[in-house]
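Here is the structure we will look at.
Only the coordinates and a few stated rules stand behind these numbers; no lab work does. Note that the coordinates shown come from a computational prediction; the quantities given were computed from them, not determined experimentally. Reconstructed Cβ throughout: ideal geometry from the backbone, glycine too, with neighbour counts over all protein chains shown.
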Amino acid sequence: MELNNQPQPEVYSDKILDKTEGEGIDFVKQQHQIQIEDPDSWQNEEANHNFILASADALINWSRASSVWPVNAGLACCAFEMISTASSRFDISRFGMEIFRPSPRQADLLIVNGTLTWKMAPQLKRIYEQMAEPKYVIAMGSCAISGGLFRNSYAVVPGVNKIIPVDVYIPGCPPRPEALLYGIQMLHKKIKKQKNFEKRKSA
């Protein structure tokens, strides 16, 4: 068998590789001389998705209404209805209010339910004064609103508003837990309408 002594072409020689790469580079140079604009539309999209324009009052009032912490002033039978509101059936925690505070210094809502006597009135007023501003009061039940069946008694206060200011009244004897939840929603609407940065009047 005779060997072919003629030189075979080198497929992977340096010259061929350089030529191939050079052709590719020349093609890119010819076809891509125009500058590609940087798309900046993503900036507006990101801003639209991550920023909300609102007033400071709206933000503060939303946070307050979503985390009202009540202190219990259960004076009579209406207190059982309020306790039922915190159970799983009515779930007061939906409104961020499941924490009934043991101290008025940690609460901003005073729920007065039951008959308020004149002997108990100074203690109720003290609890209210110990609460931090802004603070709110709900009068739950006929006895807390007007004295109820005992309003003609010499020992009964004819309404909590004789002692402390009241924001929401919930009538009933006793009112059901659904009524208390509705009263809380009314309080939330009142909180969201507050003005937190009113200009002080010059003396």
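So how far apart, in nm, are the two label points at Ser55 and Arg101 if each is 7 Å from Cα heading toward Cβ?
Placing both labels 7 Å along Cα→Cβ, they lie 2.6 nm apart.
Quick check: net charge around Gly183, other residues with Cβ under 14 Å of its Cβ, Lys/Arg +1 and Asp/Glu -1?
Taking every other residue near Gly183 into account, the sum is 0.
Counting other beta carbons within 10 Å of each Cβ, put Asp57, Asp108 in order, fewest first.
Fewest-to-most Cβ neighbours within 10 Å comes out as Asp57, Asp108.
Which entries of Lys135/Lys195; Lys135/Lys193; Lys162/Lys195; Lys135/Lys192; Lys125/Lys192; Lys125/Lys162 have Cα-Cα distances beyond 22 Å here?
Lys162/Lys195; Lys125/Lys192
For a quick check: sort Leu149, Leu181, Leu109 by the number of other beta carbons within 10 angstrom, fewest at the front.
The fewest-first ordering by Cβ neighbours comes to Leu149, Leu181, Leu109.
Under 5 Å between amide H atoms, partner at least 5 residues away or on a different chain: which partners does Val157 have, H built in plane at 1.01 Å?
Leu116, Thr117, Trp118
If neighbour count is taken as other Cβ atoms inside 10 Å, put Lys135, Lys193 in order from fewest to most.
Lys193, Lys135
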